[in-house]
Amino acid sequence: MKVFTKELSIRTRGKGTYEISDELAELVAESGVRDGQITVFLRHTSASLILMENADPSARRDLERWFDRLVREDDPDFIHTHEGPDDMPSHIRMVLTRSSEVIPIHSGNLTLGTWQGVFIFEHRRDSHSRKVSVTVMGE
Amino acid sequence: MKVFTKELSIRTRGKGTYEISDELAELVAESGVRDGQITVFLRHTSASLILMENADPSARRDLERWFDRLVREDDPDFIHTHEGPDDMPSHIRMVLTRSSEVIPIHSGNLTLGTWQGVFIFEHRRDSHSRKVSVTVMGE
Amino acid sequence: MKVFTKELSIRTRGKGTYEISDELAELVAESGVRDGQITVFLRHTSASLILMENADPSARRDLERWFDRLVREDDPDFIHTHEGPDDMPSHIRMVLTRSSEVIPIHSGNLTLGTWQGVFIFEHRRDSHSRKVSVTVMGE
């Protein structure tokens, strides 16, 4: 039984989606695990870790625009706005999506579907260094 | 320590919810794991894996109708519509819900609550064969 | 390889957020696991398990108010209302958020970010005893 841990730092440059599937596949190879799972955990409350269609960029553009409309930066009910208009919406968008993903590993491969990519979904306007904790477990 | 892997194929017949709790309980029994966890992962970006109340079908009907209203198929802002009006809404509904679930196994049983069922939430109108990757780990 | 299981009971007192990060850190210490992960699973369909900013209570107040507006108790389309106006909204809020979280453990510590707390997000108006299943696995 193997337990392999690692922390990644991913640079984001404002609101949008940033794919990290290749980085995760490399960690699985490095771990030597053939059957088991990878746990990926984003250590922040103003960005998300999501799965998304990774073939057509227009799908991600539509996703981002839809979230901008659902959680409005100019919502007059928000009190928690110390860090600007994108502060409170970033927390709500995080709760509405996810911060972790657990993906089975079968025969040495992540079992991601053909069009599935793992992305950091950055909700802040500024550039950030996002920390991702990873544990790979299995045989 | 045991590591047990499997892939399931589940047939869906249009938008709606399809329970797979029994299939998962069978895999746990087959694995022989008494204490540990099961990881269930849906390999698609246009359907979700959700937990939902499994006693009263009207709860699932209300859920489906509510999502149809929140993510509208006739949204004029969508660009990614190659595969029809249910294309982009299916990706957004997937991001708003989940694709995986990790459920503890205690004394040989899934620790699902009394009213908790695991469902595939199909977002496309057509029939599909949905692939589910499973890893059971524990002792 | 260690596998450690436990069930927690958490008392909630109406709609709101209840932090359980300290209880989880204690279980990790008790398990003796240095590298691995903790799986936390809420066994209910009318409350959620979420990660949220845990420094400023106004962020949680804004979150709760925003969800109250998104999923309205007076929605005339709901059929599943046996247990009152907060019945169906509680299921939808659960599906929109999460019921489980898997958090890596590195060097004996949960890898939660500086401002990340784990909370039960209670969606019912009444007081409830909420069951949380936990599995800690690793070395």
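What follows draws every value from the coordinates through simple rules; no lab data is involved. What you are looking at is a predicted structure, and each value in this text was computed from that prediction instead of being measured. Glycine also receives a Cβ, built like all others from the backbone with ideal geometry; neighbour counts cover every protein chain displayed.
Figure legend. Inter-residue proximity from segment A:54-74: first residues at the interface with another protein chain (Cβ under 7 Å from one of its Cβ atoms) and touching a residue at least 24 places away in the same chain (Cβ under 8 Å), second residues outside any loop (DSSP other than H, G, I, E, B) and polar (S, T, N, Q), beta-carbon distance below 8 Å, spacing 6+ or different chains. Indicated pairs: A:63/A:17.
Here residue A:105 meets each of (1) in contact with a Leu (Cβ under 7 Å, 6 or more places away or on another chain); (2) within 10 Å of chain B (Cβ to nearest Cβ) with one exception, condition (1). Residues in segment A:35-53 that are more than 9 Å from every other protein chain (Cβ to nearest Cβ) and touching a His at 6+ places or on another chain (Cβ under 8 Å): A:47 alone. Each residue in segment B:68-111 was checked for being aliphatic (A, V, I, L, M) and out of contact with any helix residue (DSSP H, G or I) (no Cβ under 7 Å at 6 or more places or on another chain), and 4 of them qualify. For segment A:96-116, the condition of being crowded, with 16+ Cβ neighbours inside 10 Å, without any contact (Cβ under 8 Å) to a residue 12 or more places away in the chain and hydrophobic (A, V, I, L, M, F, W, C) holds for none of the residues. Out of the residues in segment A:123-139 that are within 14 Å of chain B (Cβ to nearest Cβ) and buried (at least 23 other Cβ atoms within 10 Å of the Cβ), which is farthest from residue B:138 (Cα to Cα)? So the residue we want is A:123.
Between C:38, C:10, C:20, the distinction of being within 19 Å of residue B:37 (Cβ to Cβ), crowded, with 16+ Cβ neighbours inside 10 Å, under 13 Å from the mean Cα position of the chain (by Cα) and not basic (Lys, Arg) belongs to C:20 only. Among the residues making up segment C:40-56, those that are aliphatic (A, V, I, L, M) and either closer than 12 Å to residue C:118 by Cβ or assigned to a strand (DSSP E or B) (or both) are C:40, C:42, C:47, C:49, C:50, C:51, C:52. Quickly run through segment B:1-39 and pick out the residues that are in a loop (DSSP other than H, G, I, E, B) and more than 28 Å from residue C:103 (Cβ to Cβ). The answer is B:14, B:15.
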